[in-house]
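Any read-out appearing in this document is the output of simple, stated calculations on the displayed coordinates, not a laboratory observation. Predicted model only: the values in this text are computed from it and were never measured. Here the Cβ is made from the backbone with ideal geometry for all residues, glycine too, and neighbour counts use every protein chain on show.
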Amino acid sequence: MRTNHAGLAYADAAGHVFFDEGSIALADGGFVRAPLPEELIPAPPGTVNALLPGRMPLVAGRDGAARAATRRTALAVFLPAGYTRLLLPAYRVRAGAPVLPLFGYTFACAVDDQLHVAAMRTDSSEDWRPRYFAEGELETAISVRRAEDPANRVLAQVALCAREYGCFTAQNVFLRRGEAALPVSPACNARCLGCISELDDDAGIPSPQTRITYEATADELARVALAHLERVPDAIVSFGQGCEGEPLLRVTAILRAIEQIRAATSAGTININTNGSLPKSLGRLIDAGLDAARISLNSFQPSVYAAYYRPAGYALDDVLESARLASAAGLRVSLNYLTHPGVTDSRPEVEAADRFLSETRVDMVQTRTLNIDPLRYFEAVGRPLEPPLGMREALARITSAGVQLGNFTHAH
């Protein structure tokens, strides 16, 4: 029987997924509400189901009000690369429920006996699809590459990230493709609530990765970069990875590495992934030959930015100034926009984004699902005071400003 609403998809305590299409599932978009049909797509290949322990899904009662399905466990999904989340799962938290680890919790429901998710396709790239390796394939590639430069600590780190964390940019170093990682900085000048390599002791969850503890030399960085740029068509090498802090804090080492790289080759793209906190340091790298910058932020509003990043010695104005500086210098500029329904699509946020993007040339806004317990994020930055415009509208406003929307850095 065909339905005209989003039925409940839920889990039992063992993680088995069930459908109840007789119940109307509710989602959280800053305000709890039913999802719109245009916000739902069949779950794409690579979607991962996740039960939310200690959390009861919300459904619409006969009077339309939200009520908890008390005998059921809320379900969320994690989206594959190339999709942007539109809604969060709606649930009520039981007493004593654990803090959710750092994943991108996305609303899921049942439509005509098929799992649907609140998402839209925003990019596609072969380099960012999950790898399915034959037995020993990745280990062999790592061994061959490390044998070429066995004392290089950068190679040792990206080998760890490639094996243990499944990091695509780390794997690319050994697969000789796409964008390759150049981790450089053990220190950071922000204390992000959702940092994947270093969380506060009272966060209630462990960091999913271990931050690097060494300071790579310019020569180590340059050797890894040159091997990639000289062998890979349309190659990209990127300072600033998930296993490190803020790369601009090591501006001298990066500057010298860029000088060594460009003295040997003009091939490929040298990129930095940065929080943009130090415009003057970024300017030095631009002068040395930096080609592209991907600058991360969760908001164009100072208070929302500060509540998540908790910056030390800088503010959102510095971040935006770095973007203006890179744009004026002719670099390819991307904004790594950490999105969260109910925040990204609030009217004040959409209007603030509009103002900046109308004034500053940005080549691409790369949407990133903000990996965090949704309730923890709302507690930090606040819920919207009025119903949000919706994530589809927020993303449409970005493209209407003449900015490309995507999820990955593409070679140009």
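Once the Cβ-Cβ distance between Ala306 and Thr265 is put in as r, and R0 is 25 Å, what FRET efficiency do you end up with, to the nearest 0.05? Provide the component values of the computation, followed by the final result.
Numbers: r = 40 Å, r/R0 = 1.62.
According to the calculation, E is roughly 0.05.
Which whole-number percentage describes the relative contact order of the chain, with Cα contacts under 8 Å and a sequence gap of 6 or more? Spell out each step's value before the answer.
On the way: 901 pairs, mean separation 59.2, N = 412.
It rounds to 14 percent for the chain.
What FRET efficiency do you get for Ala66 and Phe356 if R0 is 35 Å and r is their Cβ-Cβ distance, rounded to the nearest 0.05? Please report the intermediate quantities before stating the final value.
On the way: r = 35 Å, r/R0 = 1.01.
Efficiency computed from Cβ-Cβ geometry: 0.50.
Measuring from label point to label point, each 7 Å out along Cα→Cβ, what is the Ala401 to Arg256 span in nm?
Roughly 3.9 nm, to one decimal.
For each cysteine in the chain, check whether another cysteine's C-beta sits under 4.7 Å from its C-beta; list those where none does.
Cysteines lacking a close Cβ partner in the chain: Cys109, Cys188, Cys243.
How many angstrom separate the Cα center of the range 299-327 from the Cα center of the range 352-377?
So the two Cα centres are separated by 12 Å.
If the chain between Arg94 and Val144 were fully stretched, how many nm would it gain, using 0.36 nm times the residue separation less the Cα-Cα distance?
On the way: separation 50, 0.36 × 50 = 18.00 nm, distance 5.09 nm.
12.9 nm is the gain from fully extending Arg94 to Val144.
Which value at 222 nm does the chain reach when only helices count, each DSSP H run of 4 or more adding -39,500 (n - 2.57), with the total divided by all residues and rounded to the nearest 500 deg cm²/dmol?
On the way: 11 runs with 122 residues, N = 412.
Taken over the chain, the calculation gives -9000 deg cm²/dmol.
Contact order normalised by length for the range 7-121, with contacts defined as Cα pairs under 8 Å and 6 or more residues apart; what percent is it?
On the way: 279 pairs, mean separation 36.6, N = 115.
About 32 percent, as a whole number.
For a Förster distance of 22 Å, can you work out the FRET efficiency between the beta-carbons of Asp287 and Arg121, rounded to the nearest 0.05?
The formula returns an efficiency of 0.05 here.
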